[in-house]
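Scroll down for the structure; my scribbles are underneath it.
The values are calculated or read from the model by the stated rules, or taken from the named source; none is laboratory data. Since we're looking at a predicted model, the values are computed, not measured. Cβ atoms come from the backbone with ideal geometry, glycine included; neighbour counts cover every protein chain shown.
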Amino acid sequence: MTGAHGYSEYATHLRELTTAATSGRSGLRHHLLASIDGEASEQLRRLVPLDYRRQVGAFFTPAALKQRVSGILNSDAYSERYLDPACGSGDLLLAASQALPIQGSLKETLEDWTDRLHGWDINSDFVEAARSRLVIAALLRHDHQVQNERFNLNTSKYFANISTKDGLEALKRQKAFVGHIVLNPPFSVVSSTSSQSWTSRPTSAAALFTYLAAHHLTDGSHLTAILPDVLRSGSRYTSWRTQMNSILMRSSLEIYGQFDEHADVDVFLLSAKIVRGHLSESSTAWWDVDSSAKEIFHSVNDFFSVRVGTVVDNRDPLDGPEFPFARARDLPSHGVISTPSRRRRFTRRVFEPPFVLVRRTSRPSTAQQQPRLAGVLINGREPVAVDNHLIVASPRDGRAESCQALLEVLSSPATSEWLNNRIRCRHLTVGAVREIPWSHPN
């Protein structure tokens, strides 16, 4: 783990801060508070290269998300024991500690929390930082008492259940856990050799962590996780959601938004109880459709055939007849064009105008921003080859007027709001476009 070696500097700082605080040194409150509220993430960004953080998915839980998890754990999901199998520097264990009581003295609290809090991480410096931060959290909970005491604690003997391990391997091999797993897993992609029955291709490490964590828990235990939106809404993870439905009874699913200002990925919070063999829900129940949309009986799919463009430009040979070629980078942001000026030879499926093109990349939006979707109507007379970075919507009635109506539906605030609930990952799915409610008057 040489890429994260620089973090040892901060782990050493935390150890020294803990020693100073537990020996009764005054004037440290500001530093203690900072160490459990955002500073660990700042130091990660300062000391560990971005490329490495992306490679292993090392993005610590931001303060706002930590507080959301703490709120869940302080509700009906309270447990006696907590495990974070990808604990990093301990943010979610800190959230769990807020749900735990304190005892009559700092020493007694540390002994109690040591039995209750468990965590694994592959990086030893992260583990050391997590242990120190939990000592500091306990000290701050005893604030009034320790300000009037002088004592020396051997803090190294606490939190032995937080250790350096590969969380995925530990979930597979160690005995089942009774309690509550809290999880902000890596969002990186792992190879197909590590994937499960929901896919034979490389898959999200977050999907694998969550699946194994659920199976590691005993019936009646709880799971609370911060997960990338692609698991909730992506078509690739339909089978994963079905698998999870067979073991989880969800108590809440909250669409959160962007992870933080430094990690441009939208996430959701899942809280669930392990109930094996309960009545499974549909995999589509993982997204929340606004109640007003449920009153609309038609969708885009009723009026348009929707599919992905068929040209993989950097792979498909330049053979066969020559056609106008539509690429996302060549199109206007919205509006109408007759025929794309770029041309290319192609032997497979082309599309007869009129049709509407929609870019496959789409950022979640707010009411103050531009519409989330905007289409481009192609209304020329020649068949067009379309790049696979575009979604093609061909009217079932073959009319350009229907395409104009679709442009209005796509750019409407109602569609942006619906999409923001349905799918917040950047890569739009064909399924989501097909499901867009059709609210245009016929």
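The numbered conditions (1) touching a helix residue (DSSP H, G or I) at 6+ places or on another chain (Cβ under 7 Å); (2) surrounded by 15 or more Cβ atoms within 10 Å (Cβ to Cβ) are all true for LYS172 except (2).
A single entry from LEU377, LEU357, LEU407 fulfils the requirement of being modelled with pLDDT of 95 or more and more than 18 Å from ASN301 (Cβ to Cβ): LEU377.
Does region 100-108 contain at least one residue that is assigned by TED's automatic domain parsing to the domain that holds PHE187, over 15 Å from ALA225 (Cα atoms), in a loop (DSSP other than H, G, I, E, B) and hydroxyl-bearing (Ser, Thr, Tyr)?
So far as region 100-108 goes, yes, one or more of its residues are assigned by TED's automatic domain parsing to the domain that holds PHE187, over 15 Å from ALA225 (Cα atoms), in a loop (DSSP other than H, G, I, E, B) and hydroxyl-bearing (Ser, Thr, Tyr).
Would you pick out the residues in region 33-61 that are under 25 Å from ALA160 (Cα atoms) and not aliphatic (A, V, I, L, M)? Residues satisfying the conditions are SER35, ASP37, GLY38, GLU39, SER41, GLN43, GLY57, PHE59, PHE60, THR61. Between ALA385, ALA393, ALA405, the distinction of being among the hydrophobic types (A, V, I, L, M, F, W, C), surrounded by fewer than 21 Cβ atoms within 10 Å (Cβ to Cβ), under 20 Å from SER338 (Cα atoms) and not assigned by TED's automatic domain parsing to the domain that holds GLY257 belongs to ALA405 only.
Being part of a loop (DSSP other than H, G, I, E, B) and under 16 Å from the mean Cα position of the chain (by Cα) is the filter; apply it to region 62-86 and report the residue that is modelled with the highest pLDDT.
ALA86
Put simply, of ALA432, ALA393, ALA326 the only residue that is touching a residue at least 60 places away in the same chain (Cβ under 8 Å) and either hydroxyl-bearing (Ser, Thr, Tyr) or farther than 25 Å from PHE297 by Cα (or both) is ALA326. The residues of region 30-52 that are in contact with a Phe, Trp or Tyr (Cβ under 8 Å, 6 or more places away or on another chain) and under 22 Å from HIS142 (Cβ atoms) amount to a single one, ALA40.
Considered as a group, the residues in region 248-287 that are charged (D, E, K, R) and assigned to a loop (DSSP other than H, G, I, E, B) include one that is modelled with the lowest pLDDT, and that residue is GLU281.
Every condition in (1) closer than 18 Å to ALA213 by Cβ; (2) surrounded by fewer than 21 Cβ atoms within 10 Å (Cβ to Cβ) holds for VAL69 except the one numbered (2). Only one residue in ARG372, ARG363, ARG344, ARG359 is within 19 Å of SER305 (Cα to Cα), in contact (Cβ under 8 Å) with a residue 24 or more places away in the chain and among the charged types (D, E, K, R). Which one? Only one candidate qualifies: ARG359.
List the strands (runs of 3 or more DSSP E) that sit entirely inside region 324-442 and contain at least 1 residues that are among the aliphatic types (A, V, I, L, M) and at negative phi.
335-337, 355-359, 375-378, 390-395
Exactly one residue out of PRO185, PRO202 is in the same structural domain as ARG29 (by TED's automatic domain parsing), surrounded by 21 or more Cβ atoms within 10 Å (Cβ to Cβ) and either closer than 22 Å to SER79 by Cα or modelled with pLDDT under 90 (or both): that is PRO185. Could you tell me which residue of region 103-126 is surrounded by the most Cβ atoms within 10 Å (Cβ to Cβ), considering only residues that are of a type in the set (A, V, I, L, M, F, W, C), touching an Asp or Glu at 6+ places or on another chain (Cβ under 9 Å) and modelled with pLDDT of 95 or more? Among those that are of a type in the set (A, V, I, L, M, F, W, C), touching an Asp or Glu at 6+ places or on another chain (Cβ under 9 Å) and modelled with pLDDT of 95 or more, it is LEU117. The single condition from (1) crowded, with 16+ Cβ neighbours inside 10 Å; (2) more than 35 Å from the chain's Cα centre (by Cα) that ASP316 fails is (2).
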